[in-house]
Amino acid sequence: MNRNAFILSLIFILPAVLNAEEPATQSQQKAVSHLVQALKSIRLAIMSGSGETPGAGKPGQDKTAGNPFRSKEKFKLPEMPPKENAHNQLSELSKEQKQLNSEVRKNAGGTSEKLAEKQDSLREKLDAVRKKLSDNKPAAEKLANSDEKMKDASDYLKAEKRLPASVKGEQAAADLEQVRKKLEKDSNQETAKKLEETGKKLDHLSEELKDGKHSSKQTLDELSEMASDLAKEAGNQHKTGTQGNAERLGKVGERMNEAADSGPDSKLPEAKKKEELLQTLGTLKKVVTAARSGQQDPVSFLSSTLSRLNENTDYLKYLKKHPDPAAEQEVRKEMDSLLEDLSSIVGRIAEESADWNVVKAREAVEKELTRYGKNVSGSPEKMAPLLDLAGKLLLALKREVRIHVFEAEEVPEKYRRDAASMTDQSIQTIHWDFPGSWTGLVLAFLFLAAFTILSYRYSLRDFGGFRKTVLCLLRILLFCLILLCLTNPRMETERTIRRQEKPKIAVVFDESGSMLKPSVWKRNRFQDAVAFWNEKVNRADVQTDFYHFGRNLRTVPGAGAEPDVANSGETRFYALAREWIPRFEAEKYNGVICFTDGIDTGEEGRGDLLSALAATPLEHVFVAMNQEVASMPELSFRKIESPSQVFTKTENALTFLIRCGNLHAGFNPVFELLRNRTEVLYTQELAPVNGIRTVKYRMAAELPGTELLTARLLLKGKVCESVTWSIEKTERKDKLNVLIFNGSLDFGTRFIRNVFLDEPSIALDIRYAKGIFPEKTGKGVEFPNRDELGKFDILLLMNLKRNALGPNAEADAMDFVQKGGGLLFVCGNPAAAREYAASTLETLLPVKFARGETSDSRAEPETQRILDEIARGRTPTQFDAHMVRQKEFTFKPQPLYPFELTLLGKKSPLFYKNASDGKPMAVIPQFQDMAPVDSLKPGANLLAFHTAGGREHPLLAYQNFGTGRSMVLACDPLWRWKLNLPSKNPAYEIFWKNLFSYLSLGKNRTTRWIVPNLTPDAKEWELALDPGALIPDPGRIVCKLESGGTEQTLPLQTLDGKLRCVVKPDGTEKTIRAFYEGKAMASFTFSALKSTEIAKEFRTLEPDMEGLREFATLPNVTLLDSGSKLDLADRFGRKEIILKEKTIHPLWHNGWMFFWMAALLILEWIARRWNRLL
């Protein structure tokens, strides 16, 4: 076969040799390589004198043993480009995702559509990484979750929802980073394991070769197989691990393959071959040891090596007293390996460290290693000097970075905890300055030296060459010292003190009734939570405090504390979690671990806790205790929202929150709504799924009167809960009186007036402030006084400057709103809006205006000229012909911007109209001018905004003030929107009619009862009485409760400005009435029936996983199941505090420097005097 390979190689290479001008092809280049390999193998076969046919052998022998291409066939290092490494791709993908998240949060990076495109491109890159890691199921699943979150983020961006997109993006980035760290950790472990196995195999080969169990040829074959194995593992690490580990394994494999291919000379005797191979194996062992040490820093590797050497030394001392030859042999083998590791790390330190103390300690260790002979054949006592010197080397390495190691007894006890976590690092460097750096310094020296030499060379008096040389040297040395001072040499010391604090964790256990109820296995969820904490949580290097919660949150001494049965009657999970967030933040906790089943039986909603978790930086880990516990079926009202008084010819929303638990299809849960106890208004079958179900119904009020409504819940056709209440239907006032008070000439007033020309229910009174028209016209009027304002239901202030109002106008407007009036403040002029900052009028408005001056006059020059002409009394026909000729073909209209509705705005009837098919259609106004406001007030409700400059500017907001309502429209009166609508589109008219109707509710108020929640679970109902606008003295109202023919007077208490009383529903029908001067002003009839009395805490025992999963969508919340494990130090990390101090010490500013300068100067003067030059 060698001959055939030789001939084939010549056939391929001869054309290239004969035609040297043409470059060899790739196949010819390979042929050259094959020829060289074939010639080497042929030479070895000839020199060995073997007559066996290459490639043939005994049965069971390696068929490739005599193959000249063995190394090329067996060892092939795969291509490992860094860009194709999955770990590197994940790192880059994580950086790009974090950058995209930053752009989404800061409203940067272009439009939402462009950001969505970037997100989609990242998904494509992620898909390529997922394919590479398809065999790693945990990583693939985690990346699939990340892909879903990226998709959600892209969908949110396409829907212009940046906040949820940012949350999903942060979650995706966290998943990517988690997978990357897991890959890196697994890769390091696998690489270390592989290198350790390789080192042991090399030791084994050395022993077998020494004992004669292996020939040199077998040893080379073993090395070749190990090299191929390392190459294969390097390829695996490149695919699923880190690039550094892949290259490290590849280099070791290459070195091993080179050693196997080169081998000892075949002419040598077998003994000589083995001797050379033993040296080769020793060299390879050093390569493997260096690769292992390359994974760690020198201090860590040396520390671990010394620790293991000390342990084995102690064990050898034990074996000396208690002989065990087999164990002693194993220990000595391990110590030989550790000594090689020590030698390797010492060599690495020699390459990396130049510190004098480290060099001195390293040289001492090297001498001791040489003296000891790098073996442990002697007694363990001989190891003591080496270990002592190695310990000094470790200390010198630590001192090199100025880490001070304290003994415990050297530090006062109260400071030991802090001192143990502090490191002090000092770095000293020498700095100097000179114009032009080294070049300028050398040029200055050469100039001064040349000047000195020339000055003495051509002196007026000749006094000998030796004397001139001495004087030149003195002068040059003096100049050198002066130059040294001019460079300002200084020692700069930068001291860095680092202190690491253990994370402080609050551990919270749910001790409610659902957690304490035992299962069929006689264990409860609380016991499972304690077992999880004791068995599956790594609590090293953390501080923990323990709490229990049920009805209240209480501190307990530890995880094994007994639960308090008195605290288990109610689970106020949502409320208590909201309370502990600010408390734990103030106490500087790093995180919270909560063991709970997620069930909440309190009154607060899940959304409040979700908002609180989203707003806090405190990381939460919820551990779901989801053990099954049998419970009774539950169907109950959680909340009923209904008005007690409505206006006729309106639709009113009724909302019912129903809790379902432990139901199945056989129960047939049904919701029914009845009118006057018999007429069925609405029926809905409820899905037998655990959780909260919402039922909504819109009730039309046609005729005035009182109706009784009954809401019932049925299981298997039987009523399990029933609630009855009354609704009083009243008529609105016949006509609304609206005052529009203008501060400027604006087309908005004309368009609003046209809206209500044919509307008999609304009477407009349009007035203009003084100063708008010339005095001779008599059109300007003063702002109406308080009595005159009382005749109106709505006050519209349009484009008013503050000086246009009278001295008492703002106080009168405030009194008007407090008594039930509706105020609308319209202003699209920033300059005018700023005048109301910190004013009395701003007190009753829902916004705060920005203070300071503005350069925006909001007046287009041509428009302002026309308005000035009209104000002077000229008619438009006298001046508009010229303007039309000038602007006919050059006018460009300004763009209009649509309102952006908030969630509250989307639910408000202000922005909807009924279409021909009866379905509501959105009415979205458009504006041109806007007056930016500073902020919303805490009690304000924002309906619409406009996004500009990365900020949401409020456009339409309202708040309740007294018994009335105030509203701000921070833009123009929308007349330009009307001009841009088709003539048959009534959107503009509908918006203004809805707005006036909304503002008039205060003046339409009559006396009524307000019921916050109609649920049978409540032991007491707290009713509030709204006196309305018709009762001047609410203190004279008397409240009476009628039940079963009896009547009793209930006390009314004033709380938060409202009259309140408490009633107890007991299943019987009751009526409560409010009397004023003997006349019944308001009544409310109610009853509540609950057929089964199960304690609220035990109605639903199934864990609320839906709520916990919703919390886990936040980036700072993690949900774990009971089968997971938790490492607290890894999860929360250490907090590092860094203090830096910099000191500068000048090196030239000292007595010796000035002494030598003075000495040189004096010597030169003496020499010059001696030579009579002075």
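Inspect the stretch 544-555 for any residue being more than 39 Å from the chain's Cα centre (by Cα) and either touching a residue at least 12 places away in the same chain (Cβ under 8 Å) or assigned by TED's automatic domain parsing to the domain that holds residue 1125 (or both) and give the result as yes or no. So that I can check it myself, show each step before the final result.
Here is the first cut: in the stretch 544-555, the ones more than 39 Å from the chain's Cα centre (by Cα) are none.
No, that holds for no residue.
Conditions: (1) among the hydrophobic types (A, V, I, L, M, F, W, C); (2) farther than 27 Å from residue 583 by Cβ; (3) free of Cβ contacts under 8 Å to residues at least 60 places away in the same chain. Residue 497 meets all but one. Number of the miss?
(3)
Out of the residues in the stretch 190-227 meeting the condition of being among the hydroxyl-bearing types (Ser, Thr, Tyr) and surrounded by 18 or more Cβ atoms within 10 Å (Cβ to Cβ), tell me which one is modelled with the lowest pLDDT.
Kept after step one, since they are among the hydroxyl-bearing types (Ser, Thr, Tyr), are these residues of the stretch 190-227: 191, 198, 206, 215-216, 219, 224.
Now restrict to residues that are surrounded by 18 or more Cβ atoms within 10 Å (Cβ to Cβ): 191, 198, 206, 216, 219, 224.
On the way: 191: 83, 198: 85, 206: 81, 216: 77, 219: 81, 224: 83.
Filtering the stretch 190-227 for residues that are among the hydroxyl-bearing types (Ser, Thr, Tyr) and surrounded by 18 or more Cβ atoms within 10 Å (Cβ to Cβ), the one modelled with the lowest pLDDT comes out as 216.
Matching residues to (1) touching a Leu at 6+ places or on another chain (Cβ under 6 Å); (2) buried (at least 21 other Cβ atoms within 10 Å of the Cβ):
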residue: 920; (1), (2): no, no
residue: 926; (1), (2): yes, no
residue: 946; (1), (2): yes, no
residue: 949; (1), (2): no, no
residue: 970; (1), (2): yes, yes
residue: 993; (1), (2): no, no
residue: 996; (1), (2): no, yes
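Could you please find all residues in the stretch 692-718 being in a strand (DSSP E or B) and exposed (fewer than 15 other Cβ atoms within 10 Å of the Cβ)? Talk me through it step by step, then tell me what you get.
Our first condition is that a residue be in a strand (DSSP E or B); within the stretch 692-718, this holds for 692-701, 705-715, 718.
Once the filter is applied, which keeps residues that are in a strand (DSSP E or B) and exposed (fewer than 15 other Cβ atoms within 10 Å of the Cβ), the stretch 692-718 yields 694, 696, 698, 700, 705, 706, 718.
Looking only at the stretch 284-310, how many residues end up being modelled with pLDDT of 75 or more and either in contact with a strand residue (DSSP E or B) (Cβ under 8 Å, 6 or more places away or on another chain) or surrounded by fewer than 13 Cβ atoms within 10 Å (Cβ to Cβ) (or both)?
Final tally of qualifying residues: 1.
Condition (residue is among the acidic types (Asp, Glu) and surrounded by 18 or more Cβ atoms within 10 Å (Cβ to Cβ)) applied to the stretch 228-237: is it met by at least one residue?
Start the filter on the stretch 228-237 by keeping residues that are among the acidic types (Asp, Glu), which leaves 229, 233.
So of that shortlist, the ones also surrounded by 18 or more Cβ atoms within 10 Å (Cβ to Cβ) come out as 229, 233.
Yes, the stretch 228-237 contains at least one residue that is among the acidic types (Asp, Glu) and surrounded by 18 or more Cβ atoms within 10 Å (Cβ to Cβ).
Pairs, please: C-beta under 7 Å, at least 6 apart or cross-chain, first residue touching a residue at least 40 places away in the same chain (Cβ under 8 Å) and in the stretch 576-603, second assigned to a loop (DSSP other than H, G, I, E, B) and of a type in the set (A, V, I, L, M)?
Pairs that qualify, where the first residue is touching a residue at least 40 places away in the same chain (Cβ under 8 Å) and the partner is assigned to a loop (DSSP other than H, G, I, E, B) and of a type in the set (A, V, I, L, M), are 584/618; 589/618; 591/618; 592/618; 595/625; 596/625; 597/625.
Quick one: which strands (runs of 3 or more DSSP E) sit completely within the stretch 1031-1092 and have at least 2 residues that are of a type outside the set (A, V, I, L, M) and modelled with pLDDT of 85 or more? Please lay out each step first, then the result.
Details: elements: 1037-1043, 1046-1050, 1053-1055, 1058-1063, 1070-1076, 1079-1090.
Counting at least 2 such residues, we get 1037-1043, 1046-1050, 1070-1076.
Please state which of the following conditions residue 266 fails to meet, knowing it meets all the rest: (1) crowded, with 16+ Cβ neighbours inside 10 Å; (2) in contact (Cβ under 8 Å) with a residue 40 or more places away in the chain; (3) outside any loop (DSSP other than H, G, I, E, B).
Residue 266 satisfies every listed condition except (3).
Any residue in the stretch 460-481 that is hydroxyl-bearing (Ser, Thr, Tyr), closer than 28 Å to residue 1172 by Cα and buried (at least 16 other Cβ atoms within 10 Å of the Cβ)? Talk me through it step by step, then tell me what you get.
To start, the set of residues in the stretch 460-481 that are hydroxyl-bearing (Ser, Thr, Tyr) comprises 469.
Imposing the further condition that a residue be closer than 28 Å to residue 1172 by Cα reduces the set to 469.
Those still in the list that are buried (at least 16 other Cβ atoms within 10 Å of the Cβ) too: none.
No, the stretch 460-481 has no match at all.
Which of (1) closer than 24 Å to residue 501 by Cα; (2) of a type in the set (Ser, Thr, Tyr); (3) modelled with pLDDT under 90 does residue 568 not meet, given it meets every other one?
Of (1) closer than 24 Å to residue 501 by Cα; (2) of a type in the set (Ser, Thr, Tyr); (3) modelled with pLDDT under 90, only one is false for residue 568: (1).
Would you confirm whether or not the stretch 664-685 contains a residue that is assigned to a loop (DSSP other than H, G, I, E, B) and touching a helix residue (DSSP H, G or I) at 6+ places or on another chain (Cβ under 8 Å)? If you could, list the steps in order and put the result at the bottom.
If we filter the stretch 664-685 for residues that are assigned to a loop (DSSP other than H, G, I, E, B), which is where we start, we get 664, 668-669, 676-678.
In the following step, the residues that additionally are touching a helix residue (DSSP H, G or I) at 6+ places or on another chain (Cβ under 8 Å) were identified as none.
So far as the stretch 664-685 goes, no, none of its residues is assigned to a loop (DSSP other than H, G, I, E, B) and touching a helix residue (DSSP H, G or I) at 6+ places or on another chain (Cβ under 8 Å).
Just a yes or no: is a residue in the stretch 1111-1119 among the aromatic types (Phe, Trp, Tyr), assigned to a helix (DSSP H, G or I), under 26 Å from the mean Cα position of the chain (by Cα) and over 30 Å from residue 465 (Cα atoms)?
Within the stretch 1111-1119, the subset among the aromatic types (Phe, Trp, Tyr) is 1111.
Next, only the ones that are assigned to a helix (DSSP H, G or I) stay: 1111.
Filter again for under 26 Å from the mean Cα position of the chain (by Cα), leaving 1111.
From what is left, the residues that are over 30 Å from residue 465 (Cα atoms) are 1111.
Scanning the stretch 1111-1119, I find at least one residue that is among the aromatic types (Phe, Trp, Tyr), assigned to a helix (DSSP H, G or I), under 26 Å from the mean Cα position of the chain (by Cα) and over 30 Å from residue 465 (Cα atoms), so the answer is yes.
For every residue, the table says whether it meets (1) surrounded by 18 or more Cβ atoms within 10 Å (Cβ to Cβ); (2) over 43 Å from the mean Cα position of the chain (by Cα); (3) of a type outside the set (D, E, K, R); (4) at pLDDT 80 or above.
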| residue | (1), (2), (3), (4) |
| --- | --- |
| 663 | yes, no, yes, no |
| 670 | no, yes, yes, yes |
| 676 | no, yes, yes, yes |
| 679 | no, yes, no, yes |
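Take the residues in the stretch 583-618 that are within 25 Å of residue 543 (Cα to Cα) and basic (Lys, Arg); name whichever of them is farthest from the chain's Cα centre (by Cα).
Here the answer is 583.
The values are calculated or read from the model by the stated rules, or taken from the named source; none is laboratory data. These numbers were taken from a predicted model, which means no experiment stands behind them. Positions of Cβ are generated from backbone atoms using ideal geometry, with glycine treated the same way; all protein chains shown enter the neighbour counts.
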